[in-house]
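Below is one structure, written out as structure tokens, with a few remarks after it.
The values are calculated or read from the model by the stated rules, or taken from the named source; none is laboratory data. Just so we're clear, the structure is a prediction, and the values are computed from it rather than from any experiment. All Cβ positions, glycine included, derive from the backbone under ideal geometry; neighbour counts span all protein chains shown. Each accessible area value is taken on the protein alone, full model and side chains, heavy atoms only, with ligands, DNA and RNA left out. Shrake-Rupley method; radii C 1.70, N 1.55, O 1.52, S 1.80 Å.
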Amino acid sequence: MGSLELRAVSKNWGGAAAVDDVTFSVTEGNLVALLGPSGCGKSTTLRLIAGLEQCSSGAIAIGGQDVTNAPPSGRGIAMVFQNYALFPHLSVAENIAFGLKVRKVPRAERDDRLARAAEILGLGALMDRKPSQLSGGQQQRVALGRAIVAQAPVCLMDEPLSNLDAQLRVEMRREIRELQQRLGITMVYVTHDQVEAMTMADQVVLMRNGRIEQDAPPDRLYEVPATIFAARFVGTPPMNVVPLATLATRSNGDVLVAPRGLDPAAVAVGVRPERTVIGERGIAADVVAVEYLGADTLIETRIDSHRFIVRRPGKIRATPGERVHIELSHTDLHWFDLGSERRLTV
Amino acid sequence: MTHRATATIHGWLLLLPAMACLAVFTHWPAVASFIDSFYSTPRARRPARFVGLDNYQQMIADPIFWKAMSNNLWFALGTIPTSIALALLMAVWVNDKIVGRTWVRMAYFTPTILPMIAVANIWLFFFTPQYGLLEQIVGFFGGRSTNWLGSQDTALYAVTIVAIWKEAGFFMIFYLAALQAIPPSLGEAAAIEGASRWTYFRRIQFPLLMPTTLFVLINSVINAFRMVDHIFVMTRGGPDNATTLLLFYIYQVGFSFWDTSYAAALTCILLALLAIVAFVQYGWLERRTHYR
Ligand SMILES: Nc1ncnc2c1ncn2[C@@H]1O[C@H](COP(=O)(O)OP(=O)(O)O)[C@@H](O)[C@H]1O
Ligand SMILES: [Mg+2]
């Protein structure tokens with residue numbers, strides 16, 4: 001009932017494609033995060049699903065029904081806007097019940113659903129306030145209330161937490177996820193923050209320049225990135241990706257060799273900063289900076305001109321300018337084709 | 001301390017020229033008119049003397065004053081709601097269809113930047129008997145020839161229409177500016193909730209435009225009693241006072257008949273009328289208006 005499917009959806013703004021041949025599907029009751037850098041087409045994709053923009057080509061189905069040409073109100077969706085889009089002259093209660101009134105839901109049921117939404121979101125004491133009398137977090141809750149009171153099977157959110165401070169963001173993140181799971185809502189959640197996507201989502205759709213880079217669960221996205229872009233976008237600090245040729249010339253121990261069948265000159269090696277060890281043997285690197293974070297230490301080095309970050313638990317002594325050796329384990333390496341930037345299966 | 005005192009003195013000094021102008025050319029004439037209205041008009045051999053409420057009693061007995069008053073009320077009733085409704089309609093339409101197209105805004109705004117005298121001359125041509133534009137159109141459809149400005153039945157309508165045409169474009173600019181300040185996401189949120197265009201207008205746009213409506217309403221009331229330029233050009237109050245408005249009558253009494261005291265009394269009534277209207281509007285509407 002609340003499943004969602006996009007088939008080869010594209011959107012052009014007078015020539016330039018903002019969304020280009022996007023295909024993915026979401027199982028009912030799942031939270032999918034649309035992740036990607038600013039301008040990659042996340043909002044446009046969301047607005048296409050909402051029906052606020054028309055697809056240039058492709059098809060969208062919600063709950064098995066084709067809604068490509070349906071109006072926004074006929075798609076069974078609710079939406080939380082980045083700026084909340086609360087009606088400034090209406091009280092919290094009127095804002096939340098606006099859609100119910102428009103859809104002529106009977107008075108008794110309306111009051112019932114309003115009361116339940118207020119209770120779920122802890123808005124009881126604020127029902128008569130105007131949006132301008134609320135804090136950012138409270139406004140966010142009202143926007144959420146308006147979305148859940150509609151009881152739409154699919155809920156769309158466009159960077160809902162970007163206007164909140166860091167502390168509140170962490171709280172709301174948890175709250176939204178809990179709410180989504182409790183009510184069994186299918187949710188499409190747009191964010192440029194990979195931490196948000198990784199912590200909240202059942203499925204992450206990573207986008208770049210209007211195309212899907214990778215569509216996978218968070219753990220898989222982290223462990224088996226499909227491209228160099230995906231590898232470097234997810235995780236802080238990002239994955240180290242260095243051409244094999246560079247590493248080979250700098251090793252004082254066992255020389256890294258490309259897996260059988262690969263051209264050593266055309267591959268890059270990726271390794272997560274936490275999967276590296278500083279030791280006696282390995283790849284020679286020059287320390288550029290050391291950052292002590294308490295639980296671990298980040299050591300930023302250069303291997304020729306390539307940045308390479310080592311992350312080790314606890315406190316590590318190193319001074320900028322010092323030469324260290326980085327040991328890599330073969331099982332922790334990711335292999336990418338330098339030309340296509342795609343992952344190579346070994 | 002002295003620094004603050006100096007700053008205060010500087011402040012007042014800066015205000016002084018404007019204050020002086022306002023006092024000499026606005027406040028004092030108003031007060032002087034009020035005082036004059038209790039005296040007789042000075043003649044060559046008879047200086048002004050105190051006559052109490054004589055001028056006001058004369059007014060009550062003056063049929064032309066009552067005619068001007070009723071004309072003006074009909075004129076106000078004809079121009080205010082229609083011009084505001086038209087302005088709102090055009091603004092919403094322009095805002096929906098052609099966001100940010102400056103030339104459309106310019107086109108609507110043109111009547112406002114034209115001097116009323118020029119506007120009146122243009123419309124004079126429309127209304128001219130026999131070869132005027134309106135006559136030609138009516139004639140084309142086989143209608144009866146009418147002397148729009150020359151007939152007691154139609155003259156007031158004719159000058160009312162000119163005023164509406166002039167005002168609607170002006171008010172539209174205010175509405176358009178206010179509409180563009182409403183975030184588009186409100187409309188999108190309403191659309192997702194299933195609100196029709198009309199519901200969105202009635203429940204969201206119109207209430208959010210209330211401050212503008214209040215402003216426009218007060219301006220239109222004031223204009224309805226202030227706009228007389230086109231009367232001079234088009235009808236000169238005729239035929240038989242059918243288009244005499246209050247301010248035009250004051251001008252006639254003061255500068256054609258040279259009865260300055262009676263004109264002063266009429267002026268006081270006009271000012272009192274406008275003051276009452278403004279107070280009522282602010283008192284009543286202010287409370288029902290949402291300011292962001
Ligand atoms: N209404 C529009 N008209 C023209 N171009 C647009 C419009 N909306 C978005 N774009 C373009 O489409 C691309 C994707 O935008 P968007 O979906 O908002 O990105 P994101 O939400 O990922 O930051 C951008 O290059 C943007 O400039
Ligand atoms: Mg966006």
#### Entry: Cα point-scatterer Debye curve for the range A:1-102, base-10 log of I(q)/I(0) at q = 0.11, 0.14 Å⁻¹
-0.39, -0.61
### Message
Exceeding 31 Å between C-alpha atoms, which entries from my cross-link table qualify? They are A:Lys11/A:Lys104; A:Lys104/B:Lys97; A:Lys101/B:Lys166; A:Lys42/A:Lys104.
### Response
A:Lys11/A:Lys104; A:Lys101/B:Lys166; A:Lys42/A:Lys104
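Would you work out the Kirkwood radius for the range A:4-231? I mean one over the mean of 1/r across all pairs of different Cα atoms, in Å.
Values: mean 1/r = 0.0554 Å⁻¹.
Result for the range A:4-231, one decimal place: 18.1 Å.
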### Query
If you bin the C-alpha pair distances of the range B:62-288 every 10 Å from 0, what whole percents do you get?
7, 27, 30, 22, 11, 3, 0
### Summary
Over the Cα atoms of the range A:246-300 the radius of gyration and the largest Cα-Cα distance (Dmax), both in Å, equal 13.8, 43
### Task
Place a label point 7 angstrom from the Cα of B:Asn147 along the Cα-to-Cβ direction, then list the residues of the range B:203-243 whose backbone nitrogen is under 16 Å away.
B:234-243
### Query
Can you give the net charge of the other residues whose Cβ lies under 11 Å from the Cβ of A:Arg47, counting K and R as +1 and D and E as -1?
-1
### Task
Report Rg (one decimal) and Dmax (nearest whole number) for the protein assembly as shown, counting Cα atoms only, units Å.
37.3, 126
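Within 10 Å of each Cβ of A:88-96, how many other protein chain Cβ atoms are there on average? Provide the component values of the computation, followed by the final result.
Working: counts 9, 10, 4, 0, 0, 0, 1, 1, 0.
Per-residue shielding by partner chains comes out at 3.
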### Message
Give me the net charge for the shell around A:Val188: Cβ to Cβ below 15 angstrom, other residues only, Lys and Arg +1, Asp and Glu -1.
### Response
-4
### Query
What would the Debye formula give as log10 I(q)/I(0) at q = 0.16 Å⁻¹ for the alpha-carbon point model of the range A:143-207, no solvent?
-0.50
### Projected label distance in nm at A:Ala266 and A:Arg302, using a 7 Å step from Cα toward the beta-carbon
3.1 nm
### Query
For the pair B:Gln58 and A:Asn83, what calculated FRET efficiency results from E = 1/(1 + (r/R0)^6), where r is the Cβ-Cβ distance and R0 = 41 Å, to the nearest 0.05?
0.05
## Note on the structure
Note, the range A:253-259: 3J(HN,Hα) by Karplus (6.51, -1.76, 1.60, θ = phi - 60°), whole Hz, Gly/Pro = x, goes x, 4, 6, 5, 10, 5, x
### Summary
A correct Karplus calculation of ³J(HN,Hα) over the range A:158-168, with 6.51 cos²θ - 1.76 cosθ + 1.60, θ = phi - 60°, whole Hz and x for Gly and Pro, returns 9, 6, x, 9, 5, 9, 9, 6, 4, 4, 5
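What does the helix-only formula give at 222 nm for the protein assembly as shown: each DSSP H stretch with n ≥ 4 adding -39500 (n - 2.57), the total divided by the residues, and the result rounded to the nearest 500 deg cm²/dmol? Could the numbers behind the result be given before it?
On the way: 23 runs with 291 residues, N = 638.
Value at 222 nm, helices only: -14500 deg cm²/dmol.
Excluding A:Gly29 itself, calculate the net charge of residues whose Cβ lies under 14 Å from the Cβ of A:Gly29, where each Lys or Arg counts +1 and each Asp or Glu counts -1.
Details: positive: A:Arg177, A:Arg182; negative: A:Glu28, A:Glu178, A:Asp202.
Cβ neighbours under 14 Å give a net charge of -1.
What percent do you get for the relative contact order of the range A:175-241 when only Cα pairs under 8 Å and 6+ apart count?
On the way: 63 pairs, mean separation 13.5, N = 67.
Worked out over the range A:175-241, it gives 20 percent.
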#### Entry: Threshold 40 Å² - residues in the range B:180-213 whose accessible area is reduced by that much or more when the chain is no longer isolated, probe 1.4 Å
B:Ser185, B:Leu186, B:Glu188, B:Ala189, B:Ile192, B:Glu193, B:Arg203, B:Ile204
### Message
From the phi angles alone, apply the Karplus equation (6.51, -1.76, 1.60; θ = phi - 60°) to the range B:254-266 and give each ³J(HN,Hα) in whole Hz, x where the residue is Gly or Pro.
### Response
x, 10, 9, 9, 6, 9, 5, 5, 5, 4, 4, 4, 4
### Query
What is the distance, in nm, between label points placed 7 Å from the Cα along the Cα-to-Cβ direction at B:Trp284 and at A:Gln181?
5.8 nm
